[in-house]
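Report on one structure; see the data block that follows.
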Amino acid sequence: MENVVLHVNDVVKTFGGLHALSDIDLDVREGETHAIIGPNGAGKSTLLNVCIGRLKPDSGVVVFDGEILTGKKPHEINQLGVARIFQTPEVFLDLTVLENVMVPALAKRDGAFKMNAYWPISGEKNLRGEVEALLEDMGLADQANQVASTMSRGDKRRLELAMGLVQKPRLLLLDEPTAGMARHDTNATIDLLKKIKASGMTKVIIEHDMHVVFSLADRISVLARGKIIAQGTPDEIKEDPKVREAYLGEEQV
């Protein structure tokens, strides 16, 4: 039996009496790319926030590699090997692109990171070389010394992806990783994520772009009104009438 890295069991989350998540059961297998799709307001981002400890479920449990995540703080979950890429880029606007990626790299290595006005990046030669190689892969090498606040939204998306990848997580959660990107950049990101898959990294991806979903996903879970209405391979999801009705639409499958 394939190893389950992430197990979500009977998770319920309500906001003001409204069920954002209702009895969510989800297994993500090691090494797979698992896509979560559904209409706006379906509960997709809420589910990821529960997984990383930003939200506490009303009931249910999230387990990563046999360890219960529910009740742990986000930084504790991150140190266990779970990284999250957010829907709205969360980068250090006043730092350069290179510094942005160095911060999580150092935090992962050392278990913590504290800013120092005299932070000697030049002394971190091995780590810096790794970061520079990653920026090259991400198409951001020419912006390495640029302050992040001056970047386009699409480039900030790629920067945040680099900040996640540099941690070498066992599980990478991506919330619309190609949002705001032109098609050329989207295709480049797809190619990069395919290359990463070869390393064995497990990924959960929330996406509205079906080109991205069907290019990357091994399995797909469909959320609608806080409930999982379908799970299966891309071909199975394309043919599921409940999915057509709830989200994809005949013209998109």
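The values are calculated or read from the model by the stated rules, or taken from the named source; none is laboratory data. This structure is a prediction, so every number in the text was calculated from the model and none was measured. In this analysis, Cβ positions are derived from the backbone assuming ideal geometry, glycine residues included, and neighbour counts consider all displayed protein chains.
Please enumerate the residues belonging to the stretch 51-63 that are within 15 Å of the chain's Cα centre (by Cα) and touching a residue at least 24 places away in the same chain (Cβ under 8 Å).
Those that are within 15 Å of the chain's Cα centre (by Cα) and touching a residue at least 24 places away in the same chain (Cβ under 8 Å): CYS51, ILE52, GLY53.
Restricting to the stretch 193-241, what's the tally of residues that are exposed (fewer than 15 other Cβ atoms within 10 Å of the Cβ) and of a type in the set (Ser, Thr, Tyr)?
Looking only at that region, the number is 2.
Here are some conditions: (1) within 15 Å of the chain's Cα centre (by Cα); (2) surrounded by fewer than 19 Cβ atoms within 10 Å (Cβ to Cβ); (3) aliphatic (A, V, I, L, M). LEU48 meets all but one. Which one does it not meet?
So the condition that LEU48 fails would be (2).
For (1) more than 18 Å from the chain's Cα centre (by Cα); (2) surrounded by fewer than 22 Cβ atoms within 10 Å (Cβ to Cβ); (3) within 30 Å of VAL243 (Cβ to Cβ), each residue gets a yes or a no:
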| residue | (1), (2), (3) |
| --- | --- |
| GLY31 | no, yes, yes |
| GLY38 | no, no, yes |
| GLY71 | yes, yes, no |
| PRO89 | no, yes, yes |
| VAL97 | yes, no, no |
| ASN100 | no, no, no |
| LYS108 | no, yes, no |
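Kindly provide the set of residues from the stretch 162-194 that are at pLDDT below 85 and not assigned by TED's automatic domain parsing to the domain that holds GLU67, ordered by number.
none
May I ask you to verify whether GLY180 is surrounded by fewer than 20 Cβ atoms within 10 Å (Cβ to Cβ) and assigned to a loop (DSSP other than H, G, I, E, B)?
yes
I'm trying to understand the selection: among the residues of the stretch 202-227, which are modelled with pLDDT of 90 or more and within 18 Å of LEU171 (Cβ to Cβ)?
Hits for the stretch 202-227 are THR202, LYS203, VAL204, ILE205, ILE206, LEU216, ALA217, ASP218, ARG219, ILE220, SER221.
Does GLY129 count as out of contact with any helix residue (DSSP H, G or I) (no Cβ under 7 Å at 6 or more places or on another chain), buried (at least 17 other Cβ atoms within 10 Å of the Cβ) and either charged (D, E, K, R) or assigned to a helix (DSSP H, G or I) (or both)?
Here the answer is no, as GLY129 does not meet what is asked.
Look at the stretch 85-124 and say how many of its residues are at pLDDT 90 or above and either part of a helix (DSSP H, G or I) or touching a strand residue (DSSP E or B) at 6+ places or on another chain (Cβ under 8 Å) (or both).
10
Any residue in the stretch 19-43 that is in a loop (DSSP other than H, G, I, E, B) sitting within a Cβ distance under 7 Å of a residue that is among the charged types (D, E, K, R) and modelled with pLDDT of 90 or more? List the pairs, counting only those 6 or more apart or interchain.
GLU32/ASP218; GLU32/ARG219; GLY38/LYS44
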